[in-house]
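Structure, as structure tokens:
The values are calculated or read from the model by the stated rules, or taken from the named source; none is laboratory data. Computed from a predicted structure; not experimentally measured. Glycine also receives a Cβ, built like all others from the backbone with ideal geometry; neighbour counts cover every protein chain displayed. These area figures cover heavy atoms from the full protein model, side chains too; ligands, DNA and RNA do not enter into them. Shrake-Rupley method; radii C 1.70, N 1.55, O 1.52, S 1.80 Å.
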Amino acid sequence: MTTVSGDFELTMDELRVVARYVVESAEEVLPVFQAANPGDLRPRAAIDAAREFANGVRRSKLQRITSLDAHRAAKEAATETERLAARAAGDAASAAYLHPIAKATQVGHILRAAASAALVGELNAGGDFTVGLKLIEQARQRATPVLIDVLNRYPLAPTGKSRAAQLMTILDTSLRASR
């Protein structure tokens, strides 16, 4: 079994679980980006690269390149929902390279896509916070024991003032409490 070492260890199997979780979140909102940008395949490519890794293919430059490309697409997006969707796709591909270092910023690589998907739902519902909370609960229910174990190796998610940061903190707290 291949492991990645730092402040603690992560196995490739654990990284695949994380990547699969992030892919599921990103796929939920990819249609938001694709509907507005049908010719921009960068977020789709990032999700596909992440799924390949989650399904057992070795991680490679493909995940790194497609992650960067999807994040560039996010920067170029015309609306916040498109930006969030493309960023979630980039996060999916970058999950293959989650670092085993005890820094709160790493939690974003695990949970930011789910928080972004919840925020997209909120925004599409006219800013209805209950929609975002419902989607966070669904993301919590999708989390496997392995994902929660990996999450618990990291410090709490960084707090922030943005709604996406608030949703990520809510998800982080609920996942750690469900252990």
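Side notes on the structure shown:
- Test: residue in the stretch 108-126 that is modelled with pLDDT of 95 or more, at negative phi and charged (D, E, K, R): yes
- Reported count of residues in the stretch 153-174, each being open to solvent by less than 50 Å² (accessible area, probe 1.4 Å) and without any contact (Cβ under 8 Å) to a residue 40 or more places away in the chain, is 3.
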